[in-house]
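Asker: Okay, here's the structure, questions in a sec.
The values are calculated or read from the model by the stated rules, or taken from the named source; none is laboratory data. Source: prediction; values computed, not measured. Every residue, glycine among them, receives a Cβ derived from its backbone with ideal geometry; neighbour counts consider all protein chains shown. Ligands, DNA and RNA are excluded from the accessible area calculation, which covers all protein heavy atoms including side chains. Shrake-Rupley method; radii C 1.70, N 1.55, O 1.52, S 1.80 Å.
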Amino acid sequence: KHPEKVFFLKSFEALVSTQPISNFSKFYQQRTRWASKFEYYNDWKVQVVALYIFWVNLMQIISFFFIPFAWFISIWTIRALSEYIFLGSVLGFMHKRLNLKAYLLLVLVYPFYVVFFALAGRFKNITK
């Protein structure tokens, strides 16, 4: 009916698995390559979401230095709980469980990861 369009299919049978990257150097190259393509997306909504994710994570890091610690912990906790609920539903669909210990570690690292690779991808474009 619409051969030129791509559609989302929420079906367990439609899931595709791939092997993880084998080392940090390849992981770094992959993430910076993905981040460097940001400005080439034709859909402005994708760019808005990417910018939103970047700024939220950057502000979360910066807020550590400029707001009372109790507020910082409250903001971090609200975000962690909302993402936990979302990830739990996604993983449930995929018939997987969320590892709570890994999640608690990653929720602390993720803002730095997002900001680092967003800037590394942008820097990669500038240096080419």
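Asker: When the convex hull of the Cα atoms of the chain is projected onto a plane and the area is averaged over all directions, what value comes out in nm²?
Answerer: Projected area, direction-averaged: 11.1 nm².
Asker: Evaluate E = 1/(1 + (r/R0)^6) for Thr18 and Trp76, where r is the Cβ-Cβ distance and R0 equals 30 Å; express this FRET efficiency to the nearest 0.05.
Answerer: Result of the calculation: an efficiency of 0.45.
Asker: About the Cα centre, and with charges only on the beta carbon of Lys, Arg (+1) and Asp, Glu (-1), how big is the dipole of the chain? Nearest 20 debye, please.
Answerer: That gives a dipole near 300 debye.
Asker: Quick check: residue separation of Lys10 and Phe123 times 0.36 nm, minus the Cα distance between them. What number comes out in nm?
Answerer: Full extension of this stretch gives 37.1 nm more.
Asker: While we're looking at this one, here's another question. By accessible area of protein heavy atoms, probe 1.4 Å, what ranking do Glu83, Glu39, Glu13 get, highest first? Mind dumping the intermediate values first?
Answerer: Working: Glu83 55, Glu39 80, Glu13 150 Å².
Listed by decreasing accessible area, they come as Glu13, Glu39, Glu83.
Asker: Relative contact order of the chain: what whole-number percent is it, with Cα pairs under 8 angstrom and at least 6 residues apart?
Answerer: Numbers: 51 pairs, mean separation 57.0, N = 128.
In percent, rounded to a whole number, it is 45.
Asker: Still on this structure, please answer the following. Per-residue accessible area for Trp55 at 1.4 Å probe radius, Å² rounded to 10?
Answerer: 130 Å²
Asker: Take each complete run of DSSP H in the chain, measure how far its Cα atoms stretch along the helix's own axis, and keep only those covering 20 Å or more with mean Kyte-Doolittle hydropathy at least 0.5; list them.
Answerer: 44-66, 69-93, 100-127
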